[in-house]
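Here is the structure we will look at.
The values are calculated or read from the model by the stated rules, or taken from the named source; none is laboratory data. As the structure is a computational prediction, the values presented were derived from the model and not from experiment. Don't worry about glycine lacking a Cβ; one is built from the backbone with ideal geometry, like all the others, and counts go over all protein chains shown. Heads up: the accessible areas ignore ligands, DNA and RNA and are worked out on the full protein's heavy atoms, side chains in. Shrake-Rupley method; radii C 1.70, N 1.55, O 1.52, S 1.80 Å.
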Amino acid sequence: LLREARQRGDLLAEASLTNLSGTLMWLARDRPEEARKALATAMQPWAGLGFRTQHFTSLASHVQIELYGGDVAAACHLLESQWPQLQRSMLLHIENIRMFMLHLRGSCAAALAETELDDGRYRRIAARCARKLSKEKAPWGEALGQLLQAALANLQGNRERAAALLGVAASHLEELGTGLYAAAARYRQGELLGGAGAGLTAKAEAAMAANQVRDPAAMANVYVPGFST
């Protein structure tokens, strides 16, 4: 589809296919640099046009690429630098975009709070995003909020509560058919449980393999980053 869009000179289709879902196709194949190059090419015609839907999807894609590579600081700083533009764009008034980005922002912040000295700023961002998601009426938002609550519990050193919250979130995400979110949540739950969670980790890896994911650990970083402590 992307090749056909390029042959037609269809800039809108190229940007739409390259961002988000297209990026995840490259990441599933463990080719993050190809994803980065494709984004740069697809977004070049959109430079200087304000902050449109294509810029939102490009931002999210770049953040996911950084998370895939394990560079939480780069992911978080990129997202925070463009968050004001995203707010001004009014795109956060759209429910699905708002929930997706609140979870992405909150999980990046929680993950960064694990890896460097935090004066409390990133914990507060994660907690604020979790509260906002808990107020969403859509079941998907509630499940994403539970993922953030698990990250916050883990930051507090309560691994048992974190694992329990991940299990609840994973069950909800499985019911909603959000495959890779659910698999990543199970993967993290298995990690926190250690030997007792080996079966959960194996199940998550199998689910990702069924979606042609070559590196389950890196893909778990995209959907549920952090949980290193």
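Springs between Cα atoms under 10 Å define the GNM used for the chain, and in it the highest mean-square fluctuation of 90, 219, 101 occurs at 90. Couplings 3J(HN,Hα) for the range 141-146, derived from phi with the Karplus relation 6.51 cos²θ - 1.76 cosθ + 1.60 (θ = phi - 60°), are x, 4, 5, 5, x, 5 Hz, where x marks Gly and Pro. For the range 27-74, the list of trypsin sites (Lys or Arg not before Pro) that fall in a loop by DSSP and count at most 14 other C-beta atoms within 10 angstrom reads 29, 52. For the range 1-57, the mean projected area of the C-alpha convex hull, equal to one quarter of the hull surface, is 3.7 nm². Cβ screening of the chain for cysteine pairs under 4.7 Å finds these without a partner: 129. Taking only Cα atoms, what is the 0 to 90° angle, nearest 10, from helix 53-68's long axis to the longest principal axis of the chain? The answer is roughly 50 degrees. Considering helices alone, the calculated mean residue ellipticity of the chain at 222 nm is -24000 deg cm²/dmol, with DSSP H runs of length four and up weighted by -39500 (n - 2.57) and normalised per residue.
Would you mind classifying the range 122-170 by shape? Square roots of the alpha carbon gyration tensor eigenvalues, ordered a ≥ b ≥ c; an a/c under 1.5 is rounded, otherwise it is prolate if a/b is larger than b/c and oblate if not. It is oblate, given that a/c is not under 1.5 and a/b is not larger than b/c. GNM on the chain, alpha-carbon springs under 10 angstrom: the most fluctuating residue among 126, 206, 109 is 206. What is the range 70-229's relative contact order, in percent, from Cα pairs under 8 angstrom and six or more apart in sequence? Dividing the mean separation by the residue count of the range 70-229 yields 20 percent. Each residue of the range 37-50 was assigned a 3J(HN,Hα) from its phi angle through the Karplus expression (A = 6.51, B = -1.76, C = 1.60, θ = phi - 60°), giving 5, 5, 5, 4, 5, 5, 8, 4, x, 9, 5, x, 9, x Hz with x at Gly and Pro. Across the range 172-187, computed HN-Hα scalar couplings (Karplus, 6.51 cos²θ - 1.76 cosθ + 1.60, θ = phi - 60°) run 5, 5, 5, 5, 7, x, 8, x, 6, 4, 5, 5, 5, 5, 5, 4 Hz from first to last residue, x flagging Gly and Pro. Is the shape of the range 31-78 rounded, prolate or oblate, going by the alpha carbon gyration tensor and its root eigenvalues a ≥ b ≥ c, with a/c under 1.5 for rounded and a/b larger than b/c for prolate? Judged from the Cα gyration tensor, the range 31-78 comes out oblate (a/c at least 1.5, b/c at or above a/b).
Once the cut-off is 23 Å, how many percent of the Cα-Cα pairs in the chain end up in the long-distance tail?
Tail fraction, whole percent: 46.
Of all aspartates and glutamates in the structure, the ones whose alpha carbon falls short of 19 Å from that of residue 132, not counting any fewer than 8 places away in one chain, are 80, 95, 142. Once a ≥ b ≥ c are taken as the square roots of the eigenvalues of the Cα gyration tensor of the range 121-213, is the result rounded (a/c under 1.5), prolate (a/b larger than b/c) or oblate (a/b not larger than b/c)? It is oblate, given that a/c is not under 1.5 and a/b is not larger than b/c.
Express the accessible area of the range 1-160 per residue in Å², computed with a 1.4 Å probe while the remaining protein chains stay in the model. Present the calculation step by step, with values, prior to reporting the outcome.
On the way: 7850 Å² over 160 residues.
Result: 49 Å² of accessible area for each residue.
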